[in-house]
Amino acid sequence: MFRIGGTRLALDVESGSLHSLDEAAFSVLEKMGSPPEVWDESDPIMAELRALHEAGQLFTPGAEAQIYKHMEGRTPVIKALCLHMAHTCNLSCVYCFAGQGRYGEDDGGLMSLETGRKALDLLIDQSGSRKNLEVDFFGGEPMLNFDVVRELVAYGRGREKEAGKHFRFTLTTNGALLDGDNIPFINETFDNIVLSLDGRPETNDRMRGAGTYEKLLPKIKALSEARGKRSHYVRGTFTRHNLDFAADVLHLADAGFNYISVEPVVGPQRSFGADVPYALGEADLPALFAEYEKLADALLAREHEGRAVGFFHFDIDLEGGPCIAKRVTGCGAGSEYLAVTPSGRLFPCHQFVGEGDFCLGDVDSGVTDTEKIKAFSQCHVAAKPACTACWAKYYCGGGCMATAHCTNGDIMEPDRVSCALMKKRIECALYMMAKRKLNTHTVGE
C-alpha cells in the first residue's frame, strides 16, 4: 500500500490487481493487514473489500510451490553475450565502473576478429534449441574497434541460416565516433542502440569531461533522427551531484529524444560510501523518492499534452508480462548471459569483468567453472530470503547480482539502496498506470 500525491493505491501481489482507494478505505485496509475471519457486512467498505477478496483480487494467497517448480533442476542455456570490443575508451568518465574502460590492466586492448568469431561460435553451440540470440557490442568504447564489429556482424549473419539461429545485435556507444559514414550502417544493422548522455550540459560535463556535451549531442541527435522509430534510447547516469535528475530526463526529452534511461550510479565506488563524493547512499533516498514522483507527474503531464516520452524505469508491463519465469529468474547473468573480454575470457556479466575469481572460462575451452555457473543459475527470487517476502519480487527479478556482490560480498544478498530505488520506480509505474485509467473505480467511493 502506498500514496503518491493524493492517490492511494494497494497492490495485491499474487494476483497483480491494483486498487485505487479513498482515504477511508485506505485506512481500513491498512489496519486489516489480512482478511478477517468474519467480515462486517454492514460496513460498505468492508463489503466491497470482501467482494474483491472473493473475486481473487485481494489477499490472494501465494502459490510459490507452483510458481517456482520450474526452477528445480534448471539447466539454462546461454542466449546472450556482451562482447567487450575494446578495453579502452575515448572518454574518462569519473564514475565509470570499468575504470575508464580498462577493467584492470591485465586484459586491455582490442578484441581480435578471431576471438570474436570464437565467441559467436560458442554462443551458437551453447544456446540449445533457442533460435533468437542477443549480442551487445560493448566496451570501453566499441567503436574504437569498429572494423572488427562490422566483420563480426557479417560473420554472425553468415552463420544464422545453417545454425538455425537469428542474432539481434545491439551497440552501446558514447557516440563520439559517430559520423555520416557509419550512421547509415549502424541504423541498417543493429536491432537496438544505446547512446550515452547524462542530461543537462553541466550534469554531463561534470562527470564526463568539459565540453563533452557540446561534442556528443549533435552526433547522437544525428543518429537518433536518422533512425526514427527503430529501437534506440539515450542512457545517462545520475549521482549525488544531481539528485534533481528529473530535470536531466526532461532536458533530454526537450532535446528531441523519445526514449530515455537515467540510472543511479553503480560500481565499486558504492563500497566506499561517503568516501566517494558522487556515490549514492541511504541518506539520499528521501530526495530520490521525491524526484521519481516528480518525474512521474511531469511525464504524465507531457502525455496529456501529446508529447509522450518513454522512461526506461517506468516502462514496466504491469498487465501482460514478462512471463513468471523471467520475473523470478531476473537477468540471467552467469547462466544465460555472459561477457567476453578482448582476450576471450568469460565472465558472468560486464560488471564482473576484471574480478578474477569470477572468470568462468574462455572462448577456446568454453565454460569450465561449472560450480559458479550453477551458483548463478540458482540465484533467483525464490532462493533469496530478502526477496521471497518482498512485494516487488515479480517485477524486479531479484536485483543486480554484481551490485549485490559489490556492496555485500554475496550475490544472494541484494543491495538495500538499489532495492529501495527499484521499489519506488515500480510504485511510480503503478501510479502512472492508475492515473491513465480515467474510469478506474475507487474503493470506498
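The values are calculated or read from the model by the stated rules, or taken from the named source; none is laboratory data. Note that the structure is a prediction, hence the values are computed from the model and not measured. Because the Cβ atoms are built from the backbone with ideal geometry, glycine has one as well, and the counts that use them run over all protein chains shown. Keep in mind that these areas ignore ligands, DNA and RNA; they rest on the heavy atoms of the full protein, side chains included. Shrake-Rupley method; radii C 1.70, N 1.55, O 1.52, S 1.80 Å.
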For region 354-408, which chymotrypsin sites (Phe, Trp or Tyr not before Pro) are in a loop by DSSP, counting at most 16 other Cβ atoms within 10 Å?
-> 391
Once you have the Cα-Cα distance between residue 42 and residue 389, take 0.36 nm times their residue separation minus that, and quote the gain in nm to one decimal.
-> 121.6 nm
Excluding residues fewer than 8 places away in the same chain, name every one of the lysines whose C-alpha is closer than 19 Å to that of residue 219.
-> 229
Kirkwood hydrodynamic radius (C-alpha pairs) into Stokes-Einstein, region 1-41, 37 °C and 0.692 mPa s, D in µm²/s = 294
Candidate aspartates and glutamates for bridging to residue 374, where Cα separation is under 20 Å - those fewer than 8 sequence places away on the same chain excluded = 72, 125, 336, 355, 357, 362, 410, 413
Phi-based couplings in Hz for region 347-362 (Karplus 6.51, -1.76, 1.60; Gly and Pro marked x) = 9, x, 6, 4, 7, 8, 4, x, 8, x, 5, 9, 6, 9, x, 8
Residue 371 accessible area, 1.4 Å probe, all protein chains in place, Å² to nearest 10 | 130
Nearest-0.05 FRET efficiency for residue 355 and residue 100 at R0 = 22 Å, using Cβ-Cβ distance, is 0.80
Roughly what would the spin-label model give for residue 263 and residue 413, points 7 Å off Cα along C-beta, in nm?
-> 2.4
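Using the eigenvalues of the Cα gyration tensor, what equivalent ellipsoid semi-axes result for the chain when each is taken as the square root of five times the eigenvalue, whole Å, largest first? Let's see the in-between values first.
Numbers: eigenvalues 308, 144, 85 Å².
Square roots of five times the eigenvalues give 39, 27, 21 Å.
For the pairs 372/393; 294/423; 131/161; 294/424; 118/165; 165/393, note any where the Cα-Cα span goes beyond 22 Å.
Numbers: 372/393 24 Å; 294/423 16 Å; 131/161 11 Å; 294/424 12 Å; 118/165 16 Å; 165/393 32 Å.
The answer is 372/393; 165/393.
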What does a probe at residue 278 reach in region 86-123, counting residues whose amide N is under 15 Å from the point 7 Å along Cα→Cβ?
-> 90-102
Can you pull the Kirkwood radius for region 1-158, inverse mean 1/r over Cα pairs, to one decimal in Å?
-> 21.0
By per-residue mean of other Cβ atoms within 10 Å, what is the highest-first order of 217-226, 79-88?
-> 79-88, 217-226
Per the Kirkwood treatment, what hydrodynamic radius in Å, one decimal, follows for region 197-249 from the mean inverse distance over all distinct Cα pairs?
-> 11.8
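Over the residues of region 333-386, compute the C-alpha Rg and express it relative to 2.2 N^0.38 Å.
Scaled against compact globular proteins, the figure is 1.14.
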On the accessible surface of the chain, probed at 1.4 Å with all protein chains in place, carbon and sulfur together account for a percent value of 50
Once residue 437 and residue 300 are pulled to full extension, the length gained, defined as 0.36 nm per residue separation minus their Cα-Cα distance, is 48.1 nm
